[in-house]
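Novice: Shown below is the structure under consideration.
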Amino acid sequence: MRPVVLCFSGLDPSGGAGLQADIETIAALGGHAAVVCTALTVQDSQQVYGFETVAAGLVRQQAETVLADLPVAVIKLGMLGSGAIAAVIADLLRQHPHIPVVLDPVLAANSGGNLASDGLAQGLLRLFPFATLITPNSVEARRLTQTDNLDDAVSILFSRGARNILLKGGHEPGASILNRLYGGGEMLHESRAPRLAGDFHGSGCTLAAAIAVGLATGLDLPDAVAGAEAFVAHALQNADRPRADGQFLPRRITP
Ligand code: PLP
């Protein structure tokens with residue numbers, strides 16, 4: 001069957017981010033997405049108004065049911081919502097040590113709206129050693145490490161057990177966006193893309209999902225990241241803007 005990526009994330013009713021971003025991306029790139037819902041969010045294409053997390057025990061049941069049934073090739077972690085859900089996922093990953101994991105440490109939406117409840121940051125730090133790759137943006141890297149300098153933040157993330165880090169530069173100023181891939185404490189690759197005009201809703205989810213399905217189809221990490229960056233660039237270039245002056249929704253499936 002198509003390579004299966006098991007995704008944990010929240011439902012974004014605008015369809016821009018979260019589980020829908022995962023499903024569309026993974027399907028567009030030839031995989032099959034299995035999805036465990038961690039939270040129901042209240043948001044439109046512009047901002048987050050609130051969310052409620054799913055009971056951690058129910059997250060565990062959803063995941064165990066799928067893991068017992070489908071040949072999961074890669075696990076992709078997006079919005080987890082709470083420390084309790086992160087703890088359940090740590091348990092699951094301990095039971096499935098051979099499945100590669102892409103962890104997007106979501107704390108907030110692109111708009112800045114909060115997507116984290118108590119204990120999530122600590123819970124995410126505890127997941128790092130299980131992840132093949134973590135994909136923080138610069139805001140998340142600073143917040144998770146409580147430091148301003150990004151080189152220091154990368155060192156701290158490695159000291160907390162991260163194995164590979166894709167540090168995304170979209171929130172840094174400048175006419176281009178610089179992403180840096182680090183592995184084993186060193187920088188492996190740097191990619192620069194022109195900054196598109198406007199703000200995008202769900203770009204981080206799309207990137208992490210595309211990396212996950214790349215790994216699931218057998219690419220090595222640098223190739224999976226490069227392929228995912230190209231996929232995101234295309235989805236953003238073709239994005240829809242539901243409101244004048246508002247955020248764009250990536251177009252991941254093109255006819
Ligand atoms: N996950 C969910 C469920 C979301 O709703 C959002 C943003 O709204 C995100 C993740 C993060 O989105 P982005 O890809 O824009 O960083």
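Novice: Taking the Cα centre of segment 122-255 as origin, work out the dipole magnitude from +1 charges on Lys and Arg Cβ and -1 charges on Asp and Glu Cβ, in debye rounded to 20.
Specialist: Using Cβ point charges on Lys, Arg, Asp and Glu, segment 122-255 gives about 340 debye.
Novice: Over 14 Å apart: what share of the alpha carbon pairs of segment 6-53 falls there, rounded to a whole percent?
Specialist: Distances greater than 14 Å cover 48 percent of the Cα pairs.
Novice: Right, next: Debye sum, Cα scatterers, the chain, no solvent: what log₁₀ I/I(0) at q = 0.11, 0.15 1/Å?
Specialist: Log10 I(q)/I(0), no solvent term: -0.51, -1.03.
Novice: Contact order normalised by length for segment 94-186, with contacts defined as Cα pairs under 8 Å and 6 or more residues apart; what percent is it?
Specialist: Dividing the mean separation by the residue count of segment 94-186 yields 25 percent.
Novice: Right, here's the next one. Name the residues whose placed amide hydrogens come within less than 5 Å of the amide hydrogen of Phe248, ignoring near sequence neighbours (fewer than 5 apart) on the same chain.
Specialist: For Phe248, the qualifying residues are Asp199, Phe200, His201.
Novice: Next question, about the same structure. Taking the chain as a Gaussian network, where each spring joins two C-alpha atoms under 10 Å apart, which residue of Gly184, Gly161, Gly170 fluctuates the most?
Specialist: Gly184
Novice: Which of Thr25, Thr254 comes first, and how do the rest follow, when ranked by fewest Cβ neighbours within 10 Å?
Specialist: Listed from fewest to most nearby Cβ atoms, that is Thr254, Thr25.
Novice: Oh, and also: Mind telling me which of Ala131, Ala34, Ala193 comes out most flexible in a GNM of the chain, alpha-carbon contacts under 10 Å?
Specialist: Ala193
Novice: To continue, here is another question. How big is D, in µm² s⁻¹, for segment 70-216 by Stokes-Einstein at 4 °C and 1.567 mPa s if Rh is the Kirkwood radius over C-alpha pairs?
Specialist: 83
Novice: A further question on this structure: Taking every DSSP beta bridge with both residues inside segment 1-82, roughly what % is antiparallel (nearest 5)?
Specialist: Once the DSSP bridges in segment 1-82 are tallied, antiparallel ones form about 30 percent.
Novice: Would you mind ranking Met187, Met79 so that the residue whose beta carbon has the fewest other beta carbons within 10 Å leads the list?
Specialist: Lowest to highest Cβ neighbour count: Met187, Met79.
Novice: Please report the base-10 log of the normalised intensity I(q)/I(0) for segment 1-136, using a Debye sum with one equal scatterer per alpha carbon and no solvent, at each q in 0.14, 0.15, 0.21, 0.22 (1/Å).
Specialist: Debye output, listed in q order: -0.57, -0.66, -1.33, -1.46.
Novice: Two decimals is fine: what's Rg over Rh for segment 104-160, C-alpha atoms, Kirkwood radius as Rh?
Specialist: Here Rg/Rh amounts to 0.93.
Novice: Among Asn179, Asn110, Asn238, which one shows the biggest mean-square fluctuation in a GNM of the chain, springs joining Cα atoms closer than 10 Å?
Specialist: Asn238
Novice: Okay, moving on. Under the definition of Cα pairs under 8 Å and six or more residues apart, what whole-number percent is the relative contact order of the chain?
Specialist: Relative contact order of the chain: 19 percent.
Novice: Which whole-number percent gives the relative contact order of segment 40-157, counting Cα pairs below 8 Å spaced six or more residues apart?
Specialist: Reported as a whole number, the value is 24 percent.
Each value in this text was obtained by applying a stated rule to the coordinates, not by laboratory testing. The structure displayed is predicted, hence computed values, not measured ones. Glycine also receives a Cβ, built like all others from the backbone with ideal geometry; neighbour counts cover every protein chain displayed.
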